Amino acid sequence: MKKLLYSLLALAFLIPGYAEAKTALEKAREKAYKTKLKDYKKDGWEALGSKPIDLCLLEHYDKLNALGANGHEVEGISTRSKSKNLGRQAAINNAVITYGQEAGSTLQGRVVADMSSNGVDTAGEFENFFAAYERLVEKEIRGEMEPSFSIIRDNGDGTFEVRSYFIVEESSAQKARLRALEDALKNSELAAEHANKISEFVRQGLDE
């Protein structure tokens, strides 16, 4: 009975602090949303599609917040396209390339830092492997990228700038990176002990 009372008392003290933290987080999110929306409108951006830009942005943030640490935003940019559809497609391709480059550079940084400290030369075959891995990540991640919304603005010279935003679930992205790793290793001469170490890094998130 005493343990139950202590637990209830502890909970009573924790609840106010939790509520305050939650309120502060919600306020911060609302501020971030309003700031981003204001910047978009100030810079002449409009939503590409039937939904207004404020609703697009709100739904985007809701998705990211729901996923928490499992959500990863990717932005694709097309600077000068003569049609809206071509601009959107170019932005999608740019987003895929951006993610692949981010994954490749993150992995390379970890591998080089770890193996160079152990006296392993990461030139030659390693460089070929990193390039192959990056290309394969681009291929694998395309199907895991959930389109969120796109915005567009007129450049004033007959062309448009388009930005497309995507949400990637880290749990799915990790599987895509591992598939890319498996294919990259098939055409690599890296020793087994190096491959195992690299696999550990690939299983880690991009932001870790």
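Numbers at a glance
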| quantity | calculated |
| --- | --- |
| Tabulated pairs, region 88-109, first within 9 Å of residue 164 (Cβ to Cβ) and open to solvent by 10 Å² or more (accessible area, probe 1.4 Å), second of a type outside the set (A, V, I, L, M, F, W, C) and part of a helix (DSSP H, G or I), C-beta under 9 angstrom, 6+ apart or interchain | 92/142 |
| Within region 20-60, tally of residues that are in contact with a Leu (Cβ under 8 Å, 6 or more places away or on another chain) and either under 20 Å from residue 71 (Cβ atoms) or free of Cβ contacts under 8 Å to residues at least 24 places away in the same chain (or both) | 5 |
| Answer residue from region 150-160, given it is part of a strand (DSSP E or B) and open to solvent by 20 Å² or more (accessible area, probe 1.4 Å) and is farthest from residue 39 (Cα to Cα) among those | 160 |
| Hits in region 37-60 (condition: in a helix (DSSP H, G or I) and either open to solvent by 80 Å² or more (accessible area, probe 1.4 Å) or aromatic (Phe, Trp, Tyr) (or both)) | 38, 40, 41, 42 |
| Qualifying position, being small (Gly, Ala, Ser) and touching a residue at least 40 places away in the same chain (Cβ under 8 Å), among 117, 148 | 148 |
| Positions within region 64-95 being polar (S, T, N, Q) and in a strand (DSSP E or B), in sequence order | 78, 79, 81 |
| Failed item in (1) within 15 Å of the chain's Cα centre (by Cα); (2) open to solvent by 40 Å² or more (accessible area, probe 1.4 Å), with residue 125 passing the rest | (1) |
| Identity of the residue in region 168-197, hydrophobic (A, V, I, L, M, F, W, C) and touching a Leu at 6+ places or on another chain (Cβ under 6 Å), that ends up surrounded by the fewest Cβ atoms within 10 Å (Cβ to Cβ) | 195 |
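Rundown of residues vs (1) at pLDDT below 95; (2) closer than 25 Å to residue 174 by Cβ, yes/no style:
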position: 56; (1), (2): no, no
position: 84; (1), (2): yes, no
position: 94; (1), (2): no, yes
position: 108; (1), (2): yes, yes
position: 111; (1), (2): yes, yes
position: 121; (1), (2): yes, no
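The values are calculated or read from the model by the stated rules, or taken from the named source; none is laboratory data. In this text the structure is predicted, and so the values were computed from the model without any measurement. As a convention, Cβ positions derive from the backbone with ideal geometry for all residues, glycine included, and neighbour counts pool all protein chains shown. Heavy atoms of the whole protein, side chains included, go into the accessibility calculation; ligands, DNA and RNA do not. Shrake-Rupley method; radii C 1.70, N 1.55, O 1.52, S 1.80 Å.
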